[in-house]
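Following: one structure in structure tokens, then a few remarks.
Where a number appears in this text, it was derived from the coordinates with a stated rule and is not lab data. The structure presented is a predicted model; accordingly, all values stated were derived computationally and were not measured. For neighbour counting, all protein chains shown are included, and Cβ atoms are generated from backbone atoms with ideal geometry for every residue, glycine included.
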Amino acid sequence: MRLLALIAGSIGFLLICVGGLGLNSTITGWDILGRSGALMGLQPDHWRGHWLGTALVYISLGVTFLCFTIGLWRGSRSAAIAWCITVNVISAVWLVLFVLRPLPYGFQQIPFSEVAFLIVLAVISWFIVRSHHAKAI
């Protein structure tokens, strides 16, 4: 279970770092993002809001993953199952966003590598949880 906690903590920390960098670049490059969105034919406020929203989502997902880390480190079975369900839901949403082509309002296409990573993470998580609880019984 501690291996799963380390994985969740590492991913959570990386998500918070990426979200923080995105938030910083959005705030410091507010005019640049608005101009680049206008060049693509989008409203500047929409483009800026997209970048700001993406950064905040990464930060909130990172905090969620760090909260799971605490429960997983303590060996909580309910936290482990909740972690697996959460990763499955996130991977399903990413898969749906990957399949939708083209996305409206200029959103970027989700890369296949992110979808594959989340699906592999979900499978590994269920495998670790099942093998850990099989040993306990």
Round to the nearest 0.05 the FRET efficiency obtained for Ser78 and Arg130 when R0 = 22 Å and r is the Cβ-Cβ distance.
0.90
Work out, step by step, the length gained on full extension between Leu6 and Ile85: first 0.36 nm times the residue separation, then minus their alpha carbon distance; give nm to one decimal.
26.7 nm
What ³J(HN,Hα) values, in whole Hz, does the Karplus curve 6.51 cos²θ - 1.76 cosθ + 1.60 give for the range 9-18 when θ = phi - 60°, with x put for Gly and Pro?
x, 5, 5, x, 5, 5, 5, 5, 5, 5
From the phi of every residue in the range 49-58, what ³J(HN,Hα) in whole Hz does the Karplus formula 6.51 cos²θ - 1.76 cosθ + 1.60 yield, where θ is phi - 60° and glycine or proline is x?
x, 4, 5, 5, x, 5, 4, 5, 5, 4
Spelling out what I want: for every residue of the range 121-127, take phi, set θ = phi - 60°, compute 6.51 cos²θ - 1.76 cosθ + 1.60 (Karplus), and round to whole Hz; glycine and proline get x.
4, 5, 5, 5, 4, 4, 5
